[in-house]
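The values are calculated or read from the model by the stated rules, or taken from the named source; none is laboratory data. These figures come from a predicted structure and were not determined experimentally. Note: ideal-geometry Cβ built from the backbone for every residue, glycine included; neighbour counts use all protein chains shown. Just so you know, the surface numbers come from the protein's heavy atoms only, side chains and all, with ligands and any DNA or RNA stripped out. Shrake-Rupley method; radii C 1.70, N 1.55, O 1.52, S 1.80 Å.
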Amino acid sequence: MKLVFAGTPEVAVPALDALIASGRHEVAAVVTRPDAPAGRGRRLVASPVAQRAEEAGIEVLKPARPRDEDFLARLREIAPDCCPVVAYGALLPKVALDVPARGWVNLHFSLLPAWRGAAPVQHALMAGDQVTGASTFLIEEGLDSGPVYGVVTEDVRPTDTSGDLLTRLAFAGAGLLAATMDGIEDGTLQAVPQPVEGVTLAPKIQVEDAHVDFAAPALRVDRVVRGCTPAPGAWTVFRGERLKLIQVTPLPDRTDLTPGELSVGKNNVYAGTGSYAVELLWVQPQGKKPMKAADWARGVRIAPGERLGA
């Protein structure tokens, strides 16, 4: 089939690579978000997908909006059979959905109908899911509601961050998307409607969602930290300034600390929660680089009775 691939961030690159490498289909063009400011100089930088496409000599389309007439005209000229999508980052209007004969097929990082939305991996971790995965489905006008072509499953490991899990799913999902394109072409795959039951939503994680409540149980604190790492970053407040929490570990045997209360050992820092304590392993003070929590504690000289939280 002739394909137009739509995607933007680094997590979409393995799928683009898999389609290029398959040799069975032609990736005629790539659609991605416009160049965005990055780095200290805030200069405009092309998306990871755009950079990979340019390296491969593939035409890159960067519409400000996918309903822009210039973009739609070019899409019609290319006349793709199918448009695979991975984390493109913009809502596709019906006028664009109608262009490819076999539709737009999205690789979504959850086992649909669970976690429809922009942040499925983060929400799966924060909810304590033990198994997640990726799904390919035919895009409709609803939010991630279209019929499903295929799935792969992935166990959630006890120390997974959203970054860890998303990396594994990006590579597992790349193979699934390539296989889905093959199955659509040869007619061996039929999309199956999603179940009505089991729908959960995964909206974008906002900064306030990443605020760690130390009155919550230790497992909840751990899940929020892992689910919000690396972005947007879990955080609390210490001495009136924001402190990012990069890694913690629950300690079921330590129950002597009240919520947010800090305790410092020779090479360890502990904080109380609503159940038992967690050990702080890596933190990032406001305006500074990430550091071991023990080094941070030595620098700020935590006094007895000091605590995390407002």
Read-out Cα extents along the principal axes in Å, candidates [x] 57, 42, 33; [y] 69, 47, 30; [z] 57, 43, 40; calculated match is [y]
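Given a cut-off of under 8 Å on Cα pairs at least six residues apart, what relative contact order in percent is computed for the stretch 125-228?
Details: 114 pairs, mean separation 35.0, N = 104.
With pairs under 8 Å counted, the relative contact order is 34 percent.
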Connecting C-alpha atoms closer than 10 Å in a GNM of the chain, tell me which of K244, K62, K266 has the biggest fluctuation. K266
Residue by residue, what Karplus-based ³J(HN,Hα) values in Hz, rounded to whole numbers, does the stretch 74-79 have, using 6.51, -1.76 and 1.60 with θ = phi - 60° and x for Gly and Pro? 5, 4, 5, 5, 5, 6
With a 1.4 Å probe and every protein chain kept in, tell me what percent of the accessible surface of the chain is carbon plus sulfur. 52 percent
Quick one: angle between helix 218-227 and the longest Cα principal axis of the chain, in degrees between 0 and 90, rounded to 10, please. 40 degrees
Aspartates and glutamates near K2 by alpha-carbon distance under 15 Å, same-chain residues fewer than 8 away left out - which ones? E26, E59, E77, D81, D182, E185, D186
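Please work out the FRET efficiency for the pair S275 and S145, using the Cβ-Cβ distance as r and a Förster radius of 35 Å; give the result to the nearest 0.05.
So, using R0 = 35 Å, E works out to roughly 0.40.
Normalised by the residues of the chain, what does the relative contact order come to in percent, with Cα pairs under 8 Å and at least six apart? Numbers along the way, then the final one.
Working: 678 pairs, mean separation 40.5, N = 310.
Computed value for the chain: 13 percent relative contact order.
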Which lysines have a Cα less than 30 Å from the Cα of K292, not counting those fewer than 8 places away in the same chain? K204, K244, K266
Using Cα pairs closer than 8 Å and at least 6 residues apart in sequence, work out the relative contact order for the stretch 48-189, in percent. 17 percent
